[in-house]
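One structure below.
The values are calculated or read from the model by the stated rules, or taken from the named source; none is laboratory data. What you see is a predicted model, and the numbers here were worked out from it, not measured in a lab. Every residue, glycine among them, receives a Cβ derived from its backbone with ideal geometry; neighbour counts consider all protein chains shown.
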Amino acid sequence: MNIFVIMKRTFDTEEKIAVNDEQIEEEGAEFIINPYDEYAVEEAINLREEHGGEVTVVTVGEEESEKQLRNALAMGADKAVLINTEDDLEDGDQFTTVKILEAFFEEKEVGIILAGNVAIDEASGQVGPRLAERLDIPYVTTITSINVDGKTVQIERDVEGDVEKVETYLPLLVTCQQGLNEPRYPSLPGIMKAKKKPLEELELDDLDLEEDDVEAKTKTVDIFLPPEKEAGKVLEGEVDDQVTELVALLRNEAKVL
Amino acid sequence: MDFSFSEDIELLREGVRKFVQEEVEQAAMEIEEKNEIPERIFEMTKDMGLFGLSIPEEYGGLGLDMVGKCAIYEELGKTHNGFTTLVGAHTGIGSVGIVELGTEAQKQKYLPKMATGEWIGAFALTEPSAGSNAANMKTRAEKKGDKYIINGSKHYITNGLDGHVFTVMAVTDPEKGAKGITSFIVEKDFPGFEVGAVEEKMGLRGSHSVELFFDDMEVPEENVLGEEGQGYVNALKILANGRAGLAARNLGSCEKLLEHCMDYVFEREQFGKPIFEQQVIQHKLADITMEIEALRALTYRVAWMTDQKQRVVKEAAVAKLFGSEVYNRVADAAVQIHGGIGYMKEYPIERYYRDARITTIYEGTSEIQRNIIASQLKREVKKSTKAGVK
Ligand SMILES: Cc1cc2nc3c(=O)[nH]c(=O)nc-3n(C[C@H](O)[C@H](O)[C@H](O)COP(=O)(O)OP(=O)(O)OC[C@H]3O[C@@H](n4cnc5c(N)ncnc54)[C@H](O)[C@@H]3O)c2cc1C
Ligand SMILES: Cc1cc2nc3c(=O)[nH]c(=O)nc-3n(C[C@H](O)[C@H](O)[C@H](O)COP(=O)(O)OP(=O)(O)OC[C@H]3O[C@@H](n4cnc5c(N)ncnc54)[C@H](O)[C@@H]3O)c2cc1C
């Protein structure tokens, strides 16, 4: 089975993030594989171990994204493809990414494509489903379990905490949710081997795309950090009064009641 | 002169750092409370390939050179030292003997399973009567046909509880003193092998040092490691090989302590400002930094010299000695900087303080390292033109 993972390099939101000039400051930020994409890589490797085939990880990004691709190779993926838009594009949006991936997959024989549920940077959750639409294959989002048997695929998906069971078929695109698996750490031998695995680099030209074909359909107007948390409020006095005050605050200030 | 690590080493070290900080560090309190390495961490350590650090690639390990090994040990030093010791003793004194001195058949038999961590390695030299004076051992090995029959005991043997493969030193010819000692590869399943009590220690929880008893233990003759009569020299070689690695582990622990201090000194306010604003605190931090930098330079120079096949007897002793004494000074300063909380178990600082204490004792005490350095100095003088030095 040809197993593909589409993945993204993103900053680590557990580290400090600074916004400068409506852009997230790259300097000093730590970069990782988008954590939801890590579930996708792990599941891809598991599927290969069970059904055979080959795992190819694909990213649309820049030169620096090679590091995250090598990480996925170190986890156990077989091949990597970097579609490098550094020289061609200033910026793009989900439309851009989907258009590029669509061109990439046009010639490919796809068994399954795994993506993250969302990327933790912009959290649009669009790329997977939109790509499936363009490729005209079924898709299932936020999956927490997958079982492939021939062409038939049994899936459990997370619906805001509830479980929905879905039956579908290959070729298929799924987006991966927390709980699907526990991504492995790349082993030390894996890290050594990753350097020698094939990593293909493509540009828009190679996919017969012009800059105009992929021009973003949306524009990011502003990016800002959430307001700093204010100090908590300590209520004082008789317990009965405190409860009354708390309820009033929850109703009028926090507006949660 | 080039002080940078190869790209390979940088990548490996980053991989180890991530695993150590995200997994082992999170389990540190559990290791401390239960006095054992959680099964989950043990299995992940196997999956990571960490047990194969020093085992050549053809036997399923990573085959890192000394600089590479030290870079990994430095990362391992940045977490619970009981865990560090499990991996350190296995990849160091527990397996280096077989790697360096083993026959092809011995390597084929033991190294692949040791590389995966299926078989844990340990090193058994010390006895109640033979500590610093290891040649004074009483454990006796007598040849009977194609077997050796070993009787005696060892104590303080790290990894002894979970160990499968032991490098054991025993007397084959009592007439010859240090030259009558031989090393053996002993498996825990050999008849007559018994693990005794687990010692209760001041620190290094999760790492178990045990007594071993050999009661007419049968060891096939093909399990002699190196040559008969060379056991004492072998033991010294194995210990010398481990010294740079121990220095690197201590370096990592010092760096972690500095990191804890740097977090604390800005967060903790007394007298209306962060304690960092006090010059005494700043100077303590400056001294810690100075010692860490010196230790780093020393450690990697010895490692590099080892990889160049240079003689490092003196330099390795210097690194072991300096590294363990720096670790103790840094741990002491870190407790002081943390004040009362530095003494409390809810915080990791006191744990490092206790764990630091063993490092000037095991794998050759500080006094013995100084003896080695002095004897090497004398040797150098004797080799130079100066006549009259005997
Ligand atoms: C936690 C732990 C783990 C250990 N792990 C192992 C292991 O895996 N395998 C193993 O074989 N051993 C192990 N050991 C043993 C360790 O190597 C010895 O404890 C160490 O070599 C010191 O020996 P000793 O305890 O008998 O002390 P002694 O040799 O009795 O020393 C007592 C004091 O006398 C000093 N002294 C002794 N001789 C001299 C001299 N000639 N000149 C100056 N000062 C001297 C020493 O430096 C020390 O200060 C371990 C010990 C501990 C505590
Ligand atoms: C086991 C134990 C028992 C105790 N028993 C008692 C008790 O019975 N009763 C009681 O009241 N207290 C007790 N204490 C508290 C103890 O007295 C304090 O921990 C101690 O005074 C240090 O205060 P701190 O822990 O807040 O550290 P901090 O004051 O936060 O000190 C942190 C570091 O900053 C340094 N520092 C702080 N201010 C300055 C400055 N101006 N200039 C230079 N350096 C500075 C300190 O020297 C230290 O190195 C106990 C503590 C422990 C650990």
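Here are a few things to note about the model shown:
- Those residues of the stretch B:259-268 which are assigned to a helix (DSSP H, G or I) and surrounded by fewer than 19 Cβ atoms within 10 Å (Cβ to Cβ), in sequence order: B:Glu259, B:His260, B:Met262, B:Asp263, B:Phe266, B:Glu267
- Looking only at the stretch B:207-236, and only at residues there that are outside any strand (DSSP E or B) and touching a Leu at 6+ places or on another chain (Cβ under 7 Å), the one that is nearest to B:Gly88 (Cα to Cα): B:Ser207
- Pairs with Cβ under 8 Å, 6+ apart, first in the stretch B:353-366 and more than 11 Å from B:Leu204 (Cβ to Cβ), second away from ligand 2 (no atom under 16 Å from the Cβ) and outside any helix (DSSP H, G or I): B:Glu363/B:Ile93; B:Gly364/B:Ser132; B:Thr365/B:Ser132
- Among the residues of the stretch B:25-56, those identified as within 11 Å of chain A (Cβ to nearest Cβ), among the aliphatic types (A, V, I, L, M) and part of a helix (DSSP H, G or I) are B:Met44, B:Met48, B:Leu50.
- Residue within the stretch B:325-334 that is hydrophobic (A, V, I, L, M, F, W, C), assigned by TED's automatic domain parsing to the domain that holds B:Gly242 and in contact with a Ser or Thr (Cβ under 9 Å, 6 or more places away or on another chain) present: yes
- Total residues in the stretch A:54-74, condition more than 16 Å from A:Ala119 (Cβ to Cβ) and either buried (at least 23 other Cβ atoms within 10 Å of the Cβ) or not assigned by TED's automatic domain parsing to the domain that holds A:Tyr36 (or both): 3
- Within the stretch A:178-191, the set of residues being at the interface with chain B (Cβ under 7 Å from one of its Cβ atoms) and either buried (at least 20 other Cβ atoms within 10 Å of the Cβ) or in contact with a Lys or Arg (Cβ under 8 Å, 6 or more places away or on another chain) (or both) comprises A:Tyr185, A:Pro186, A:Ser187, A:Leu188, A:Ile191.
- Selected residue (criterion: farthest from the other protein chains (Cβ to nearest Cβ)) from residues of the stretch A:192-203 that are assigned to a strand (DSSP E or B) and of a type in the set (A, V, I, L, M): A:Leu202
- Contact map, the stretch B:90-102: first residue within 14 Å of another protein chain (Cβ to nearest Cβ), second residue away from ligand 1 (no atom under 13 Å from the Cβ), Cβ cut-off under 6 Å, separation 6 or more or different chains; pairs are B:Thr91/B:Leu53; B:Thr91/B:Ser54.
- Taking each residue of the stretch A:101-117 that is surrounded by fewer than 19 Cβ atoms within 10 Å (Cβ to Cβ) and looking for partners that are among the basic types (Lys, Arg) with beta-carbon atoms closer than 8 Å, six or more apart or interchain, yields A:Glu102/A:Arg134.
- Index of the failed condition, B:Arg13 passing every other in (1) among the basic types (Lys, Arg); (2) part of a helix (DSSP H, G or I); (3) away from chain A (no Cβ under 11 Å): (3)
- When we screen B:Gly131, B:Gly145 for residues that are away from every other protein chain (no Cβ under 14 Å), at pLDDT 95 or above and near ligand 1 (Cβ under 10 Å from one of its atoms), the only hit is B:Gly131.
- Residues in the stretch B:4-28 that are among the hydrophobic types (A, V, I, L, M, F, W, C) and either on the phi > 0 side of the Ramachandran plot or touching a residue at least 60 places away in the same chain (Cβ under 8 Å) (or both): B:Phe5, B:Ile9, B:Leu12, B:Val16, B:Ala28.
- Scanning the stretch B:346-383 for residues that are among the aliphatic types (A, V, I, L, M) and outside any helix (DSSP H, G or I) yields a total of 1.
- Lone qualifier among B:Val87, B:Val67 - being outside the structural domain of B:Asn241 (by TED's automatic domain parsing), within 19 Å of B:Gly15 (Cα to Cα), surrounded by fewer than 24 Cβ atoms within 10 Å (Cβ to Cβ) and in contact (Cβ under 8 Å) with a residue 40 or more places away in the chain: B:Val67
- Some residue of the stretch B:315-337 being assigned to a helix (DSSP H, G or I) and more than 26 Å from B:Phe83 (Cα to Cα): yes
- Residue ranges of helices (runs of 4 or more DSSP H) in the stretch B:60-124 with at least 2 members more than 16 Å from ligand 1 (Cβ to nearest atom): B:66-76, B:96-101, B:104-116
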